[in-house]
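The values are calculated or read from the model by the stated rules, or taken from the named source; none is laboratory data. Bear in mind that the values here come from a model prediction, so they are computed numbers and not experimental data. Counting neighbours? That spans all protein chains shown, and the Cβs are built from the backbone with ideal geometry, glycine included.
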Amino acid sequence: MPVRDHPAERGSAVVDFVLVATLLSLLMLGVLQLGLVLHVRNTLVAAAAEGARYAANADRSPADGVVRARQVITTALSSSFAEDVSAGLDSVDGMPTVYVQVQARLPLVGLLGPARRLVVRGHALAEAG
């Protein structure tokens with residue numbers, strides 16, 4: 001014997017679908033946004049470390065590390081993330097090191113971001129030369 005729907009429940013499947021689809025869409029967009037933020041952060045960390053290792057070579061200067069870090073960032077992401085890159089010499093436990101610091105905006109809405117800044121720093125032991 002077929003089950004008949006109650007007249008008051010007509011159209012409720014459409015409403016249920018819209019509510020569930022909206023929640024799932026927001027959840028999916030949140031996960032994608034988190035993935036984008038982590039990708040940008042990890043790429044900036046890798047670029048800073050690569051720039052520091054490059055600048056730590058005996059025949060290189062911290063300015064060479066800045067150029068190398070900018071190249072890596074521009075290749076992987078966008079030149080807008082490579083606008084504020086700095087480098088210098090530091091001492092860690094009495095050992096001379098080179099650091100490269102990258103500051104970029106945090107991408108919270110796609111690749112557009114608010115005024116919040118993400119600061120990452122890479123270090124490498126300076127070669128004597």
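Keeping to segment 35-56, report how many residues are part of a helix (DSSP H, G or I) and within 14 Å of Ala124 (Cα to Cα).
Looking only at that region, the number is 11.
Those residues that are surrounded by 19 or more Cβ atoms within 10 Å (Cβ to Cβ) and aliphatic (A, V, I, L, M), I need them from segment 50-76; list them, please.
Once the filter is applied, which keeps residues that are surrounded by 19 or more Cβ atoms within 10 Å (Cβ to Cβ) and aliphatic (A, V, I, L, M), segment 50-76 yields Ala52, Ala55, Ala56, Val66, Ala69, Val72, Ile73.
Any idea which of (1) touching an Asp or Glu at 6+ places or on another chain (Cβ under 8 Å); (2) modelled with pLDDT under 90; (3) not in a loop (DSSP other than H, G, I, E, B) is the one Leu32 doesn't satisfy?
Against the list (1) touching an Asp or Glu at 6+ places or on another chain (Cβ under 8 Å); (2) modelled with pLDDT under 90; (3) not in a loop (DSSP other than H, G, I, E, B), Leu32 comes up short only on (1).
Given the criteria within 21 Å of the chain's Cα centre (by Cα), among the charged types (D, E, K, R) and within 18 Å of Leu118 (Cβ to Cβ), does Arg53 qualify?
No, not satisfied.
Pairs needed: first member in segment 57-76, assigned to a helix (DSSP H, G or I); second member anywhere, of a type in the set (D, E, K, R); C-beta distance under 6 Å; at least 6 residues apart or different chains.
Val72/Glu50
Filtering segment 113-125 down to residues that are small (Gly, Ala, Ser) and at pLDDT 90 or above, which residue is surrounded by the fewest Cβ atoms within 10 Å (Cβ to Cβ)?
Ala124
Considering only residues of segment 86-112 that are within 20 Å of Ala47 (Cα to Cα) and at pLDDT below 90, which is surrounded by the most Cβ atoms within 10 Å (Cβ to Cβ)?
Pro107
Find the residue count for segment 40-59, including only residues that are in contact with a helix residue (DSSP H, G or I) (Cβ under 9 Å, 6 or more places away or on another chain) and of a type outside the set (A, V, I, L, M, F, W, C).
6
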